[in-house]
Amino acid sequence: MYFKSIEQQTNLHGSKISQLTVILTIITISQINGIFALFINHLSTINLILIAKTFAGCEDILCDELEALGAENVRPLTRAVEFEGDLALMYKANLHCRTALRILKPYATFEASDEEMLYNEIQNIDWTSLFTLDQTFAINTTLNLSNLTHSQYVSLKAKDAIVDQFRDKYDDRPNVDIDQPDLRIHLHIYQNVCTLSFDSSGESLHKRGYRDYTNQAPINEALAAALVIKSGWDKKSSLADFMCGSGTILIEAAMIMRNIAPNKYKSFFGFQTWKDYDADLWKKIYSDAIKNELPASDTMIYGSDISGVVLDKARENIMNAGLEYSIKLKKGSFEKFKRPTDTGTLICNPPYGLRIEPKDILDMYQRMGDTMKQQCKGWTCWIFTGNLEVAKFIGLRTTRKIQLYNGPIECRYLRFDIYDGSKKKPKQIDSTEVKSEEN
C-alpha cells in the first residue's frame, strides 16, 4: 500500500529513474525504525560517570561491590566511590550495593563563587527538558571551603533559578517535595566549584524496606552490612548477635548468605521518574536478581536480646524480609548466651553510653568480655563501639582494630579470637573518667 500511494502521488508510470528513486525511498524509510532502535540501544550502553556515597571506612568494600557488578575505572574517594558504567550498571548498583547510601549521576560542573554566579549557571541548564510542570523536585546542598556558607540558602537560590525558568516559559512552576520528589538534585560546592548531580536512588539506600520498627539506637542497614562483610564471615558457619535489638545485623547477614539483593524490598528509586527510565531493562535486572537468590540452608543465624518487646519487633522485621527460616531468636541477656556451634562469628553493636551511667556501661563491657571468654571459645568475636575508653574493659586482647564511623561518631570495630587461656586484666581507671558518646 505504501508503494502504491507513493506511485500514485508522483505519477511515475514507465519512468525507470523515478521508480528507482521510489524504491530507495522505501528502503530508507523502512530502515528508520531499526536504526532508531539501534541508536536508543547504543545510548543505554554509553558509559556514565557515577558517584556512590558511603560511610567513611567502607570505601574499599563498595569498590569491590561495584567491580563485581562490572563497573569500570573504579576509584575510591572520601566517603564515596567514583566509577563508570552504563544505564544497566546504574540500576544494578542501586539494587545490589549493600554499603552504598546513594548513587549520584553528575550532570554539570561550574564555578559558583557567589550567589549571582550560582543562579546564572543553574539558569543555563534547560530544566524544562529534564522534568515537567506536574513533577516535583528537591535540592540538597553540601558546602566545603566555599565563599557560600549557608547550604539552605544555596538550595533556595538554586530552586529560584529553576522555577524562574519554568515561569518564563510556561507562566507556571513545578512544586517542591522534600520527601519523595520526582527529581532530587544534589549540589556539592568545593572551593567554589559546584558539581550538580541527580540522585538515582531517591531515599537513602540504607532504607531497605523491611524494617518497620527500630529500637532506640538502631544501626544503619548499610553499616550493618559493612560489619558483616568486614568480619570475613564465610557464610557457612554460624553467626550470632547477643544484643540484636531490632535484628538489623542478623537480617543483613542472612541476605548476604542467601544472595538476596539488599534493596529487593525498596518500593521506589529516583531513576524511575527520569525521562530516560527503561522499565523493561529494570524489570529484567530485578528478575535476574530474584532468580539468583539462594534457598535457606542448614546454616543458621542466631540473635538474642533482653527485651521481649524489641525481640518481637525484630521478629516482624525478619518476617518482612522473608528470612524466618534462616534466623533464630531467643529472649535473654547477653550473659546467658551459649555458642550454638563449635565455631562461628559473633558480631555485636553494644550501647556506647549515651543513655547509660558511666559506671553501668563500664560494668556492661566487663561482663561482655567475660561472656565471650567463657561462652565463645573457638569463635571469632567482633565488637563495634563508639566508646573507645570503655572498650578497654572488655579485657580481651584484640587481634584487629578497624576505624569506622557511625554518623559523626568515631568508632572501632574490634576483633577478638577466643582461645583457651587466661583473660587479659584490664587497666583500672575511675568510672568518672569514662568517655561517653556525648563527649
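No lab work stands behind these numbers, since they all come straight from the coordinates. For clarity, every value in this text was computed on a predicted model and none was experimentally measured. Positions of Cβ are backbone-derived with ideal geometry, glycine not excepted, and every protein chain shown enters the neighbour counts.
Just give me the residues in the range 112-131 being within 29 Å of the chain's Cα centre (by Cα) and surrounded by fewer than 15 Cβ atoms within 10 Å (Cβ to Cβ), in sequence order.
S129
So Y365 clears everything in (1) hydroxyl-bearing (S, T, Y); (2) in a helix (DSSP H, G or I); (3) exposed (fewer than 14 other Cβ atoms within 10 Å of the Cβ) except one condition, right? Which one?
(3)
Out of all the residues in the range 373-391, is one or more of a type outside the set (F, W, Y), part of a helix (DSSP H, G or I), more than 26 Å from R79 (Cβ to Cβ) and in contact (Cβ under 8 Å) with a residue 60 or more places away in the chain? Give the derivation first.
In the first step, residues of the range 373-391 are kept if they are of a type outside the set (F, W, Y); the result is 373-378, 380-381, 383, 385-391.
Right, trim to part of a helix (DSSP H, G or I) and you get 373-375, 388-391.
With the extra rule that they be more than 26 Å from R79 (Cβ to Cβ), the set shrinks to 373-375, 390.
Of the ones still in play, those that are also in contact (Cβ under 8 Å) with a residue 60 or more places away in the chain are none.
There is no residue in the range 373-391 that is of a type outside the set (F, W, Y), part of a helix (DSSP H, G or I), more than 26 Å from R79 (Cβ to Cβ) and in contact (Cβ under 8 Å) with a residue 60 or more places away in the chain.
What number of residues within the range 273-307 satisfy the criterion of being loosely packed, with under 14 Cβ neighbours inside 10 Å and either under 30 Å from L133 (Cβ atoms) or of a type in the set (A, V, I, L, M) (or both)?
Adding up the residues that qualify gives 7.
Can you find a residue that is surrounded by fewer than 23 Cβ atoms within 10 Å (Cβ to Cβ), part of a loop (DSSP other than H, G, I, E, B) and small (G, A, S) anywhere in the range 205-213?
yes
Could you tell me which residue of the range 262-296 is farthest from N317 (Cα to Cα), considering only residues that are small (G, A, S) and touching a Lys or Arg at 6+ places or on another chain (Cβ under 9 Å)?
In the first step, residues of the range 262-296 are kept if they are small (G, A, S); the result is 267, 270, 279, 287, 289, 296.
After this cut, where a residue has to be touching a Lys or Arg at 6+ places or on another chain (Cβ under 9 Å) as well, the list is 270, 289, 296.
Values: G270: 24, A289: 21, A296: 17 Å.
It comes out as G270.
In the list D182, D172, D177, D168, which residue meets the criterion of being on the phi < 0 side of the Ramachandran plot and surrounded by 15 or more Cβ atoms within 10 Å (Cβ to Cβ)? Break it down into steps so the answer makes sense when it comes.
Numbers: D172 fails: surrounded by 15 or more Cβ atoms within 10 Å (Cβ to Cβ); D177 fails: surrounded by 15 or more Cβ atoms within 10 Å (Cβ to Cβ); D168 fails: surrounded by 15 or more Cβ atoms within 10 Å (Cβ to Cβ).
Within the list D182, D172, D177, D168, the selection yields D182.
If a residue counts only when it is more than 28 Å from T380 (Cβ to Cβ) and in contact (Cβ under 8 Å) with a residue 60 or more places away in the chain, which helices (runs of 4 or more DSSP H) contained entirely in the range 215-321 have at least 2 such residues? Reasoning before the result, please.
On the way: elements: 221-230, 248-257, 279-291, 308-320.
Per the criteria, 279-291, 308-320.
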